[in-house]
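Values quoted throughout were computed directly from the atomic coordinates according to the rules given, and no laboratory measurement underlies them. For clarity, every value in this text was computed on a predicted model and none was experimentally measured. Note that each Cβ is placed from the backbone with ideal geometry, even for glycine, and that neighbours are counted across all protein chains shown.
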Amino acid sequence: MKDLTLVFLLSCFLFASPAAAKDSCYDCHGQKGMKPYVDKSAFEQSAHGHLACTKCHFDVSGYPHGKVSKVNCGACHFIGTEGAPKEQAQQYKLSVHNRVTAVGNATLPTCQTCHGSHYIYPSADTRSSTNRQKIPTLCSQCHPREFEVYKNSIHGKQLLEDNNPAAPTCFQCHMEHLTPPTASNAWQLALIKQCGDCHSEELKTYRKTYHGKVTKLGYVTVAKCSDCHGAHDILMLNDPDSTLSRKNILKTCQKCHPAATPGFTKFYAHAEEKDRAKYPVLYYTFLFMTVLLLGTFAFFFTHTFLWAYRSLKERMNKKGGE
Amino acid sequence: MAEIKRFNAYHRWLHVAMAVSFIGLVASGMPLKYANAPWAAWLMRFLGGYYAAGLIHRICAVITFGYFAAHIGYVIYDIAIVRKFRFNILGPESMVPWLKDLEDIYHSFRWFFGMGPRPQFDRFTYWEKFDYWAVFWGVGMIGVSGLFLWFPEFFGRFMPGWAFNIATVIHSDEALLAAGFIFTIHYFNTHLRPEKFPMDPVIFSGRLTLHELQHDRPLEYRRLVDENRLEQYLTGPQQTWITDAGILFGFAIVLIGFFLLILIVMGQFIY
């Protein structure tokens with residue numbers, strides 16, 4: 001009994017200030033081999049390094065402590081009143097990764113699955129588990145098949161082999177925290193804009209076609225970027241294995257147009273009618289139509305305005321004369 | 001008061017079919033053309049969504065091909081059977097534009113500027129002939145390009161796929177020309193000009209007053225008198241309900257047309 005009182009008094013002293021408390025945590029958890037072991041300097045450089053251990057492990061109030069429950073990041077990042085960023089957790093709540101929306105599937109990732117626990121760094125930091133170079137491997141832990149395909153795609157090679165800072169990781173399309181269901185219309189439509197963030201010319205010309213206009217109006221039944229170019233398996237157009245290469249394009253068109261012929265595939269899915277060098281027939285058709293419209297309207301609007309003026313004038317004169 | 005028969009029921013019904021299908025085509029087509037405009041998605045939803053709008057567009061296209069064929073059939077019937085090939089294709093009862101029309105345009109412009117009297121017209125004025133042939137041109141261009149786009153897999157057997165790019169430009173710009181023309185110039189020339197404002201019911205009632213014939217188409221009046229044919233065209237007044245229903249229908253079409261015109265102008269110049 002006396003011992004317990006001593007421990008109690010000691011722990012009151014130890015945990016009286018957060019800084020002091022943190023130091024005392026390291027007494028045990030700073031020892032290698034301890035579970036969990038926390039590398040003090042690495043933790044202190046992390047995004048949460050300035051916080052007391054008990055800020056997250058709030059069920060620990062002294063030593064010895066019982067079983068410590070899993071940290072709830074949402075305490076700060078979802079409902080907390082302090083400066084912690086919240087939108088990520090709010091998006092996660094809506095995501096297919098959220099166990100609640102996915103009816104309790106316990107294999108789904110929580111914050112810690114991707115971010116880790118003690119060594120959370122800004123994603124620009126190469127130590128971060130969500131640093132862009134590491135994202136595909138991170139996701140591959142649960143999605144190995146997608147990773148295998150992605151890593152050989154033009155985007156995967158640019159990121160993983162050429163370190164291209166503009167190459168998309170999984171996040172650019174799947175929206176890291178939001179990860180909407182891939183079958184959702186809203187996501188499929190949003191994806192077109194995501195592609196257009198980098199491929200802006202292609203988005204502009206796509207929007208001039210029937211496909212691009214129908215999707216713009218919110219309907220997904222027509223060809224979107226990935227229907228023709230592929231998604232995880234996207235390759236350069238000049239790659240013989242591309243979905244749009246000479247040997248594959250017919251099959252690609254036939255996904256939606258089953259009776260398509262080789263001639264059919266000569267459709268310009270990204271035509272630009274103002275580009276005379278590349279699309280001369282289209283250019284001259286557009287020019288002819290423009291001249292026809294301007295000419296017809298110019299003649300008849302002039303005709304109509306003059307007619308209206310003369311008619312009104314004559315009628316006024318007649319009334320004045322009566 | 002005696003009235004003059006100008007259009008028979010067949011003409012008038014074809015005009016109704018034309019007006020209804022044209023409005024349907026413009027309303028269901030423009031949201032695609034101006035997909036960027038904020039009203040586009042709204043109008044598409046109003047029509048019942050992308051699939052329903054496409055269906056409306058195709059039904060109206062079939063009506064268009066129908067009235068077009070019906071008119072060609074009528075012209076053949078009229079020339080071959082009614083007139084037994086005694087028809088002057090360049091004469092005043094023909095729709096074919098000829099020298100008199102060029103002279104009329106010239107004299108109309110002189111009249112606009114107060115430099116001369118108004119030219120005297122016969123059965124068909126030059127602007128009526130223009131409206132008439134514009135439909136041939138429009139239905140031809142929009143109809144053929146529309147069929148390409150409706151059945152791309154079929155036409156892809158005979159033509160390279162970029163023909164659909166060409167067809168899209170033609171279909172879209174020709175539609176803008178047709179809608180822009182009908183909703184402004186046709187509306188003004190036939191209904192809204194001060195002489196007829198707010199509406200000329202002749203296309204719905206089929207009848208002109210004798211005064212209108214003498215005043216608006218003096219050459220036709222004199223020709224009918226000279227040829228002793230005026231009697232043939234004299235008729236009692238149209239039943240009121242037909243004229244009234246026609247005017248009501250006409251106003252509805254004109255108002256919908258103006259509404260669509262505002263959307264088109266927004267789509268063309270703002271978004």
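Okay, here's what the table says:
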read-out	value
Equivalent ellipsoid, the protein assembly as shown (semi-axes from 5 times Cα gyration tensor eigenvalues, Å)	76, 28, 20
Cα gyration tensor shape of segment A:68-110, rounded if a/c is under 1.5, else prolate or oblate by comparing a/b with b/c	oblate
Equivalent ellipsoid dimensions for chain B as semi-axes, Å, which come from the Cα gyration tensor, largest first	36, 22, 19
Highest-fluctuation residue, A:Phe58, A:Phe43, A:Phe299 considered, GNM on chain A with Cα pairs under 10 Å	A:Phe299
FRET efficiency, B:Met266 to A:Ala298 (Cβ-Cβ, R0 22 Å, nearest 0.05)	0.55
Kyte-Doolittle mean at least 0.0, axial Cα span of 24 Å or more - DSSP H helices of chain B	B:9-33, B:49-77, B:126-150, B:162-180, B:240-269
Trypsin sites (Lys or Arg not before Pro) restricted to segment A:264-308 and DSSP loop, no more than 15 other C-beta within 10 Å	A:Lys274, A:Arg276, A:Lys278
Over 19 Å (Cα to Cα) - which of A:Lys313/B:Lys5; A:Lys32/A:Lys134; A:Lys313/B:Lys196; A:Lys216/A:Lys274; A:Lys216/A:Lys278 fall in this group	A:Lys313/B:Lys5; A:Lys32/A:Lys134; A:Lys216/A:Lys274; A:Lys216/A:Lys278
Most positive-pole-ward Cα, B:Phe164, B:Phe112, B:Thr190, against dipole of chain B from beta carbon charges	B:Phe164
Residue of B:Gln239, B:Gln214, B:Gln120 that the Gaussian network model of chain B assigns the largest fluctuation, springs spanning Cα pairs under 10 Å	B:Gln239
Assigned charges on the beta-carbon of Lys, Arg, Asp, Glu; chain B dipole about Cα centre (debye)	260
Where trypsin sites (Lys or Arg not before Pro) fall in DSSP loop in segment B:37-119, at most 14 other Cβ within 10 Å	B:Arg83, B:Lys84, B:Arg86
Value of [θ]222 nm, deg cm²/dmol, for the protein assembly as shown, DSSP H segments ≥ 4, -39500 (n - 2.57) each, nearest 500	-17500 deg cm²/dmol
Reachable aspartates and glutamates from A:Lys193, criterion Cα separation under 15 angstrom, eight or more residues apart if same chain	A:Glu201, A:Glu202, A:Asp227
Aspartates and glutamates with Cα under 16 Å of A:Lys151, excluding same-chain neighbours fewer than 8 positions away	A:Glu161, A:Asp162, A:Asp233, A:Asp239, A:Asp241
Segment B:107-214 - Debye-derived log10 I(q)/I(0), Cα point model, q = 0.15, 0.23 Å⁻¹	-0.79, -1.28
Total formal charge among the other residues, if their Cβ is under 14 angstrom from that of A:Asp241, Lys/Arg +1 and Asp/Glu -1	+2
